[in-house]
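Asker: Take this structure, written in structure tokens, and hold onto it; I'll ask about it next.
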């Protein structure tokens, strides 16, 4: 994480020679859901448009002003050789780079290919597989270039994004919550579905950001916002997935194969979830 946010003063010119900071949005392999969430900001987006120069956002406008840019949002994972080259070019044009969504931060659901044989998939699916150029893995942006801030989720929470952008514009260091969904449930007064209903909820090891939508509906958390950080151990320390998995196995009689599927989901390739699923695959 970058320790100092951009400090914009009206007397300073941005990358495009304007007094307003420039924003660009780029897409890699993804479903476009996070970009749609940006567009769903509607009124807030109009206000941001007055404070920022939205220079490049193909999903929203045909205007495509070349960089460099002050703030760049990147959606999607790296899955082709072209992606791997293009993200380096984008990083070179960005003062601050923010990854948005599970694909960009963890590889996304397409990272399930990382445990399979991509060549076999290509031969089985495409009539002319020799024309399909892809990498053997789908990886997050951070495995290829330096990332300043990460917004997790599938899709992202638009209010988290709004908070990050307004903080950067104001010269304030964004603070993105990393605590677990459990704390969100407590704040809302939600009944714990793990304790009260015996559901294998990933909330204790998943970071907040969704507003605890699934527990609100009486369902278990599926880990859409990636791994939380351990509050007792400090920032950057992964959650205790092993302890939770043992509870699922011994208390709820979840078999190893289903345990693998539970941790190998939307954010399955991110390290804490990947290592847990790999451990159960050998049992």
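What follows is calculated from the coordinates using simple rules that are stated; it is not laboratory data. Note that the structure is a prediction, hence the values are computed from the model and not measured. Ideal geometry is used to build each Cβ from the backbone, glycine not excepted, and the neighbour counts take in all protein chains shown.
Asker: Between residue 136 and residue 219, what is the label-point separation in nm under the 7 Å Cα-to-beta-carbon projection?
Answerer: Between residue 219 and residue 136, the label points sit 3.6 nm apart.
Asker: I'd like the antiparallel share, as a percent to the nearest 5, of DSSP beta bridges with both residues in the range 22-170.
Answerer: The answer is about 20 percent antiparallel.
Asker: With 10 angstrom as the radius, rank 260, 98, 195 by how many other C-beta atoms surround their C-beta, starting from the fewest.
Answerer: 195, 260, 98
Asker: Just order 168-176, 65-73 by mean Cβ neighbour count inside 10 Å, highest at the front, would you?
Answerer: Descending mean neighbour count gives 65-73, 168-176.
Asker: On to the next question. Express in whole angstrom the spacing between the alpha-carbon centres of the range 135-155 and the range 233-275.
Answerer: Measuring centre to centre over Cα atoms gives 20 Å.
Asker: Next question. Most mobile of 241, 166, 29 per a Gaussian network model of the chain (Cα springs, under 10 Å)?
Answerer: 166
Asker: Which residue, 254, 109, 100, has the most motion in a Gaussian network model of the chain that connects Cα atoms within less than 10 Å?
Answerer: Answer for the Gaussian network model of the chain: 254.
Asker: Find, to one decimal place in angstroms, the Kirkwood hydrodynamic radius of the range 181-281, where the mean of 1/r is taken over every pair of different Cα atoms and then inverted.
Answerer: About 13.5 Å, per the Kirkwood formula over Cα pairs.
Asker: Given all pairs of different Cα atoms, what value in angstroms does the Kirkwood hydrodynamic radius of the range 22-170 take? Provide the component values of the computation, followed by the final result.
Answerer: Details: mean 1/r = 0.0627 Å⁻¹.
Taking every pair of different Cα atoms in the range 22-170, averaging 1/r and inverting gives 16.0 Å.
Asker: I would also like to ask the following. Need one number: % antiparallel among DSSP beta bridges in the chain, to the nearest 5.
Answerer: If I count the DSSP bridges inside the chain, around 25 percent turn out antiparallel.
Asker: Output the peptides 30-43, 121-134 sorted from most to least packed, where packing is the average of other Cβ atoms within 10 Å over each peptide's residues.
Answerer: Packing proxy ranking, top to bottom: 30-43, 121-134.
Asker: Which one, 108, 203, 218, has the greatest fluctuation when you compute a Gaussian network model over the chain with C-alpha springs under 10 angstrom?
Answerer: Of 108, 203, 218, the most mobile in the Gaussian network model is 218.
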